[in-house]
Amino acid sequence: MTRHDEHVRFEELAAGHALHALEPEDEQLFRAHLAGCARCERALDEHAGALAHLAYAPDAAEPPPSLLEGIRAGVLASGREASFPSPVVEEQPVQLDDVRRWRDASRLRRAGTLTGIAAAAALVVGLGVWNIGLQQDRDAQVEFSARMAAAVSQLLDEETETVPLRGESGEVVAVALVRGDEMSLVLDGLPVNDAATTYVVWGESSLGDKRAVGAFDVTTDGLDVRDGMRLQASVTDVTRYLVTMEQGDSAPAIPTLPVLAAGTV
Amino acid sequence: MTLPRPTGATAAAPVAVSRGADYEGQDDRALVARVTEGDGGALEALYARYGRACYGLARRILIDEQLAQDAVQEVFLTVWRDASRFDASRGAFSTWLLSMTHHKAVDSVRREENLRKRRTTDEALEVTESDAPRVDDAVWSLLRRERVREVLKTLPGPQREALTLAYFGGYTQREIAGLTSTPLGTVKTRMLAGMRRMKESLDGMSNAAGGQEPPDPRSAR
C-alpha cells in the first residue's frame, strides 16, 4: 500500500469521525493518527463546516420556553458568577399557573411531584433575574434569585432529602429540603399571612413528638423560598413535617391545629 | 419558644446585574468572549441565534422532544462552563456549537436503545422532504434549509443514504453497512465522497446566523 493509499484510509476515517459514526477501534486509530496530521485536522474542520449546514436541513422547530428557562436555571445553579442585562421587557410576575404549566411539560414530572416541584424551583431561579414584576426593586430581585439558586443547589445535591408538604386538598403547597440539620422550604401556594401570625414548620418523630424547626412568613402568592432554618438537636427520627399557623411571631411549645400542610419523610 | 427566622442569606451562585448591555450588534466571537467573562446575557444572545437550529437538529435525531431539550440544554451549559474551548481559528462558532449538539444528540440516541429501535431507515432520510415553511422562519434560515436540501438531493443515492443515516440516524458505519447490506469499506468510501461533494456544493455559504459572524476563516485558506 502506498503512502497515498494509506492516507486515503485516514481521510475516510476523518469523514466518519466528523459524523460521529466510527466504531470504537476506528475512533482510536484515527485519534492516534490525528495528533500528528495537519491534513486530517484541516479535513475535519472542513467536514464540520459542511455538517453545520446539514444541521439546518430539518424543518425549524421552535424550542419550548422551558428550554431557555432550564439553561438559565443551570447557569444560576452552576456556582459560577453570572451577570445579566437589566430586564427591560414588561414581563408579568411569576404566576403559579405558569409554573404549573411548565412543570406539567417537564419530563421531571414523570418522576413524580417531588422532582416536579424541584424543577419549579429551578424555573424560578431563571425567572427571578428576568422578572421585574416579581420584586419591587432590583436588589431584592437579585437577593431572591440568589436564595432560589441556593435552594436549587440543595435540590441538586444527592444528600438533600426532599419532602413535599400537601395541603388539605392534597395539593403540594411547599417542599421541605433537608440536608443534615439544615432546612429550606420552597413555598408554592400557602396563603400570605398577616403581621399578627406566623407559619411554623414542625418535625414529628415516630413517637408523635413534635418540635418546631422554624418560623416563617409567606409574603407572596407566587413561588418563594425560605432557607436558613435548622433542625434542633432534639429533633431526631423525624418521620413527618407539619406546617401550622400560629399567633405572634414565634413558635409555641406545641402546634396549634389545624395542620395546614404535612408531608411524610 | 423563639426560633430564629430564616434570613435567606445564602447564595450558591452570586448574581450581579449588568446594565445597558447590548448584544444585537455583536458578532458571535465577541459574545463568546463575554460568556467567558461570566456574561449570562451573552449566552442568552447566542441561544437566541442558534437555539432553534440546535433544537431542530437534536429533535430530528432524537425524535423525543424532552431528550432533544436535554441535549441542547447540556450543550449551552457546556458553552457557559467552558466557552474558552471554542477555537475561532478552526471555524465558526455555530459550527462548533452544532457539532457539539450533534454529538450529544447521537450519544443520547445510542443510549436510548428503545428509541432507536423505533426509528426506521426512512425516518432518517426524511429530511429531504420539504414541509410548508413556517411563517415565522427567518428568511436566511429558510433559504439555507432549501439550499441544503437541494444539495442533498443532488448527491448519489447511496452517498446520501450513508450521510443521512449517520448524521440524522446516529448510526455507526458498521451499523449502516448492516442496514444497507453494503460492505463496510464501501460505506466508508461513500461517506467521504458524500462529504466532499456536499462541501463543494455548499462552499461560500455562511455558517452564521443573519450575518452575525465574520466569514469563516477556512474560506481564506
Which ones in the range A:43-69 are more than 7 Å from chain B (Cβ to nearest Cβ) and at pLDDT 90 or above? A:ALA43, A:LEU44
List pairs: first residue in the range B:159-172 and acidic (Asp, Glu), second residue modelled with pLDDT of 90 or more anywhere in the structure, Cβ distance under 7 angstrom, at least six positions apart or on different chains. B:GLU161/B:THR180
Listed residues A:THR219, A:THR244; which is surrounded by 15 or more Cβ atoms within 10 Å (Cβ to Cβ) and within 14 Å of chain B (Cβ to nearest Cβ)? A:THR244
Which residues, taken from the range B:29-67, are closer than 21 Å to B:ARG90 by Cα, out of contact with any Leu (no Cβ under 8 Å at 6 or more places or on another chain) and in contact (Cβ under 8 Å) with a residue 60 or more places away in the chain? B:ARG29, B:ARG49
So B:ILE61 fits all but one of (1) within 11 Å of the chain's Cα centre (by Cα); (2) facing chain A (nearest Cβ under 8 Å); what number is the exception? (2)
Against the condition among the acidic types (Asp, Glu), part of a strand (DSSP E or B) and facing chain B (nearest Cβ under 10 Å), how does A:ASP227 come out, does it pass? yes
Would you be able to tell me the number of residues in the range A:204-216 that are crowded, with 24+ Cβ neighbours inside 10 Å, of a type outside the set (Phe, Trp, Tyr) and under 25 Å from the mean Cα position of the chain (by Cα)? 2
List the number of the failed condition for A:ALA196; all other conditions in (1) at pLDDT below 85; (2) surrounded by fewer than 18 Cβ atoms within 10 Å (Cβ to Cβ) hold. (1)
Can you name the residue in the range B:76-124 that is β-branched (Val, Ile, Thr) and in contact with a helix residue (DSSP H, G or I) (Cβ under 9 Å, 6 or more places away or on another chain) and, of all such residues, is modelled with the lowest pLDDT? B:THR121
With the condition kept exactly as written, say whether any residue in the range A:171-188 is buried (at least 19 other Cβ atoms within 10 Å of the Cβ), within 13 Å of chain B (Cβ to nearest Cβ) and in a loop (DSSP other than H, G, I, E, B). no
Name the residue, out of B:MET205, B:MET191, that is modelled with pLDDT of 95 or more and either facing another protein chain (nearest Cβ under 7 Å) or under 23 Å from the mean Cα position of the chain (by Cα) (or both). B:MET191
Looking only at the range A:211-220, decide whether some residue is closer than 13 Å to A:ALA262 by Cα and not acidic (Asp, Glu). no
When the range B:81-114 is checked residue by residue, the ones that are within 11 Å of chain A (Cβ to nearest Cβ), over 24 Å from B:ARG34 (Cα atoms) and either touching a Leu at 6+ places or on another chain (Cβ under 8 Å) or not in a helix (DSSP H, G or I) (or both) are B:HIS102, B:ALA105, B:VAL109
Note on the range B:69-79: residues surrounded by 22 or more Cβ atoms within 10 Å (Cβ to Cβ) and either aromatic (Phe, Trp, Tyr) or more than 8 Å from every other protein chain (Cβ to nearest Cβ) (or both) are B:ALA71, B:VAL75, B:PHE76, B:VAL79
Test A:ALA73 against the stated conditions and say whether it is outside any loop (DSSP other than H, G, I, E, B), closer than 23 Å to B:THR36 by Cα and in contact (Cβ under 8 Å) with a residue 12 or more places away in the chain. yes
Please verify whether the range B:33-51 includes one or more residues that are within 7 Å of chain A (Cβ to nearest Cβ), closer than 24 Å to A:ALA18 by Cβ and in contact with a Lys or Arg (Cβ under 9 Å, 6 or more places away or on another chain). no
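The values are calculated or read from the model by the stated rules, or taken from the named source; none is laboratory data. Nothing here was measured: the structure is a model prediction, and the numbers come from that model. Note that we place each Cβ from the backbone using ideal geometry, even for glycine, and neighbour counts take in every protein chain shown.
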